[in-house]
Amino acid sequence: MSGLHPLTLVCFPHAGGGLGRYRSWRDDLPDGVELVLPDLPGREGRLFDEPFPDVAAVSTYTLRSLAAELASSERVAFAGLSYGALVAYDMAARLEASGKRVEAVFAASQRAPSTPLPPINWRSMAERELLTELAEIGGLSPDLEGEEEFLELFLPTIRAELHASESYLRPASYDHLRCPVFLYHGTEDTAIPASSTLAWRDETDRLLSRSLPAAHFLTGPDGEDLWWEVLRQDLASCTTGPAFDRATPA
């Protein structure tokens, strides 16, 4: 690993999503990469905890709960899908503002932080309409739509985090990121138009954009994780250090 310190990769899920996808990466991580998965409310072991109302609250909590890990790690990067991509960006911006070096942001299936989308108002959307919208972007299996227990447990978190994602805009106080951004977008993504990702180039001077033949969640027809296949290659090249500097404007 050319004498470099291990790279700590902190991952954030999509709205209402669990961490199972990221856990599946552990057996296939490139040498020198350590995975850290924040324990966020509204899912898994904290299913009955109130979800955070906005991205800023997630960042504040994560910075506090991972303070020891972040302080001891010489090399930190953030990854996130959809809602999680905005959290990853916000975390990187805050850490850089504090003087901490961030190695990279790996952002998937999300608009640029400065580019708002037409509001959908997920919080007040009727339940049936919400389920239909989720199913259309691949965020809900059709066979779960009638599961009352699922609705009761997960929809409040999904609503809250979709609203947080929808309402987030880059704070005016945030500086241009010094770290590179690796952007991944599905060519079949109906939730995030490709045009809304263009302004990511305004967030960093080093942007590498990749288009994948997939819908919003970047999985293949047989469920294969297309995002991980590409992200793993980027991580492997990153462990040598200079690969980060080869990220160029898309």
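Name the one entry in R128, R123 that is exposed (fewer than 13 other Cβ atoms within 10 Å of the Cβ), at pLDDT below 95 and in a helix (DSSP H, G or I). Spell out the reasoning first.
Working: R123 fails: exposed (fewer than 13 other Cβ atoms within 10 Å of the Cβ).
Within the list R128, R123, the selection yields R128.
Taking region 53-79, which residues are among the aromatic types (F, W, Y) and either assigned to a strand (DSSP E or B) or modelled with pLDDT under 95 (or both)?
Kept after step one, since they are among the aromatic types (F, W, Y), are these residues of region 53-79: 61, 78.
Result: F78, single match.
With the condition kept exactly as written, say whether any residue in region 228-250 is among the charged types (D, E, K, R), modelled with pLDDT under 90 and out of contact with any strand residue (DSSP E or B) (no Cβ under 6 Å at 6 or more places or on another chain).
Within region 228-250, the first condition is being among the charged types (D, E, K, R), and the residues that meet it are 229, 232, 234, 245-246.
Next, only the ones that are modelled with pLDDT under 90 stay: 245-246.
Next, only the ones that are out of contact with any strand residue (DSSP E or B) (no Cβ under 6 Å at 6 or more places or on another chain) stay: 245-246.
Yes, that holds for at least one residue.
Among E96, E148, which is the only one that is at pLDDT 95 or above and not hydrophobic (A, V, I, L, M, F, W, C)? Please lay out each step first, then the result.
On the way: E148 fails: at pLDDT 95 or above.
Of E96, E148, the one residue that is at pLDDT 95 or above and not hydrophobic (A, V, I, L, M, F, W, C) is E96.
Can you name the condition, by its number, that F12 falls short on among (1) touching a Phe, Trp or Tyr at 6+ places or on another chain (Cβ under 9 Å); (2) surrounded by fewer than 20 Cβ atoms within 10 Å (Cβ to Cβ); (3) not small (G, A, S)?
For F12, the failing item is (2).
Among the residues of region 205-225, which ones are on the phi < 0 side of the Ramachandran plot and in contact (Cβ under 8 Å) with a residue 40 or more places away in the chain? Lay out the reasoning, then the answer.
Looking only at region 205-225, we keep the residues that are on the phi < 0 side of the Ramachandran plot, and these are 205-217, 219-222, 224-225.
Answer for region 205-225, where residues must be on the phi < 0 side of the Ramachandran plot and in contact (Cβ under 8 Å) with a residue 40 or more places away in the chain: D205, R206, L207, L208, S209, A215, H216, F217, T219, D225.
For region 80-103, which residues satisfy the criterion of being assigned to a strand (DSSP E or B) and in contact with a helix residue (DSSP H, G or I) (Cβ under 6 Å, 6 or more places away or on another chain)?
Here is the first cut: in region 80-103, the residues assigned to a strand (DSSP E or B) are 80-81.
Selection gives G80 alone.
Looking only at residues that are polar (S, T, N, Q) and in contact with a Gly (Cβ under 9 Å, 6 or more places away or on another chain) in region 209-239, which one is farthest from A85 (Cα to Cα)? Show your work before the answer.
Quick first cut of region 209-239, residues polar (S, T, N, Q) only: 209, 211, 219, 233, 237, 239.
If we keep only those that are in contact with a Gly (Cβ under 9 Å, 6 or more places away or on another chain) too, we end up with 211, 219, 239.
Details: S211: 16, T219: 16, T239: 21 Å.
So the residue we want is T239.
Tell me, yes or no, whether region 96-104 has at least one residue that is surrounded by fewer than 21 Cβ atoms within 10 Å (Cβ to Cβ), within 23 Å of H5 (Cβ to Cβ), polar (S, T, N, Q) and without any contact (Cβ under 8 Å) to a residue 12 or more places away in the chain.
The answer is yes; a qualifying residue exists.
Hey, does region 81-94 have a residue that's closer than 14 Å to Y168 by Cα and surrounded by fewer than 20 Cβ atoms within 10 Å (Cβ to Cβ)?
no
The values are calculated or read from the model by the stated rules, or taken from the named source; none is laboratory data. Bear in mind the structure is a predicted one, so any value in this text is a computation, not a measurement. Using ideal geometry, Cβ is built from the backbone for each residue, glycine included, and neighbour counts are taken over all protein chains shown.
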